[in-house]
Each structure stands twice: as structure tokens, then as C-alpha cells.
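Contents: one structure, followed by commentary.
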Amino acid sequence: MTVPASVLVECPQCKAETLHEVLSGKLGGKSVSVLDSTVKCKDCGHVHHVTVKTPKPVEIPIVLSWLKESSRGKIVLGPDEVLSVGDEVMCGEMPTLVTSIESNGARVKSCKASKINTVWAKRFDKLKIPFSVNNHGRTFSDFVMVVPDEEFFIGDILELDKKQVVIHSIRIEERTIRTGSALARDVVRVYGAVVRKTFQHGARPKD
């Protein structure tokens, strides 16, 4: 860790917490980071000495899933930060969605970072949305890849397996909707039907 360029501390002259420039100092400590430094208030210019103690961040192992593959990495959080299932966190430059948390050998819904053993998450820059499609009495499954904020509307028509499919219902976490729309991040499964082609009297489909 390196000495920061500035810190937010109380100024004896201003009698308030202000941003200070760090003129010189050193870092120490194990479980707690201790900054012993000379600082200058950016509001009034007063120079004084401070000792700032802050908890060191913790590295948490993370198992990241993507389709049928998984990889291991680490995320860095403040020890008192609370992580919950359903939170979005960055693993390096990869957006991820927390799916499970282990603390002291048990799965929990949320936990302070300092007490977490392992986090499981899935890649969240793209989502695989499953479809169940009724094809004139028979059902087939397919999927589309989308970004989390893409929206699916009841009545939308899209192409799956070279067929025109109309969405008639969308399953989200707690219910099934048959009107309106849903964001991809909330979708469990989309249900649709192959569009029936009709022809005017006397007209014939093209070969």
C-alpha cells in the first residue's frame, strides 16, 4: 500500500472535517492500516500532524460461472462491507452477480466481508435467457444472449431456430406476467409460440 495524496480529517483551524494534502508520512499496521503523516488543510492552509487508522481491505475467493464453465478469482472489499446474494460486484473488470455466500461452512444470504469464506457468482455482462416455444402442438427449447438491461415485451416477435416466435408470457422470480414487459436481469424463462402464417384466398406461399 502507498501513502495517499490526500485524506479527509478534522482541521483544528476550521473546526470541521476537510480535505487535506498529505505532505509526508508513512503507513504501518497489520490488520489495521495506520497513516502517520503531516498534512495541510486545503481550505485554510493549516499544517498539522495526524494519525489515521483504517481497516485493511480483505481478499475474498470467488468462483465465477459462465455457461458450463467456471473459474476462480478474488474480490476486494472493506472488512465491514456487507455482501448479499443478488448483489452486483466487479471481479477485475468483469461485472458479476452474487449467487451464493459461504461463511463458517454454511451458506448465508448476507455477511460481512471479514467473515466470508467463499463467494459464488455468475458473469453478468451477458445473460443466457431460456425460451420454451410451442410449435403447433410440440414444444422446443432455445435461448438468446442479451445484456442485463435488455427488455422483453409481451407480444414481441423474434426469430428462434429460423422461426418467427411471439412472446406470450414471461416467468420472473415470483410470478408469471402476461402483459407488459420485464428486464432480462429479472427473467427466469420466456414462453412463446411459433407465428402461424396465413395466406389470402388464392395466394400461394413462395417456394
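Quick notes
- Selection status of Ser37, of a type in the set (Ser, Thr, Tyr), in contact with a Gly (Cβ under 7 Å, 6 or more places away or on another chain) and either without any contact (Cβ under 8 Å) to a residue 40 or more places away in the chain or within 25 Å of Ser114 (Cα to Cα) (or both): yes
- Failed criterion for Lys42 (all others in (1) closer than 24 Å to Val146 by Cβ; (2) in contact with a His (Cβ under 7 Å, 6 or more places away or on another chain) hold): (1)
- Residue selected from the stretch 26-79 under the condition closer than 30 Å to Val98 by Cβ and of a type in the set (S, T, N, Q), by the criterion surrounded by the fewest Cβ atoms within 10 Å (Cβ to Cβ): Ser31
- The lone exception for Lys68 - which of (1) within 30 Å of Lys128 (Cα to Cα); (2) among the basic types (Lys, Arg); (3) modelled with pLDDT of 90 or more it fails: (3)
- Selected residue (criterion: surrounded by the most Cβ atoms within 10 Å (Cβ to Cβ)) from residues of the stretch 181-199 that are over 29 Å from Gly86 (Cβ atoms) and free of Cβ contacts under 8 Å to residues at least 60 places away in the same chain: Val195
- Filter pass, Glu93 being loosely packed, with under 14 Cβ neighbours inside 10 Å, among the acidic types (Asp, Glu) and out of contact with any Cys (no Cβ under 7 Å at 6 or more places or on another chain): yes
- Residues in the stretch 1-25 that are aliphatic (A, V, I, L, M) and open to solvent by 30 Å² or more (accessible area, probe 1.4 Å) were compared, and the one that is modelled with the lowest pLDDT is Met1.
- If you go through the stretch 147-180 and keep only what is within 28 Å of Trp66 (Cβ to Cβ), among the aliphatic types (A, V, I, L, M) and open to solvent by 60 Å² or more (accessible area, probe 1.4 Å), you end up with just Val147.
- Considering each residue of the stretch 76-94 in turn, none proves to be in contact with a Leu (Cβ under 8 Å, 6 or more places away or on another chain) and hydroxyl-bearing (Ser, Thr, Tyr).
- Leu83 within 30 Å of Lys163 (Cα to Cα) and under 19 Å from the mean Cα position of the chain (by Cα): no
The values are calculated or read from the model by the stated rules, or taken from the named source; none is laboratory data. The model shown is predicted, which means the values in this text are computed figures rather than measured ones. FYI the Cβ positions are ideal-geometry reconstructions off the backbone, even for glycines, and counts take in every protein chain you see. We work out accessible area using only protein heavy atoms, side chains counted, and drop any ligands, DNA or RNA first. Shrake-Rupley method; radii C 1.70, N 1.55, O 1.52, S 1.80 Å.
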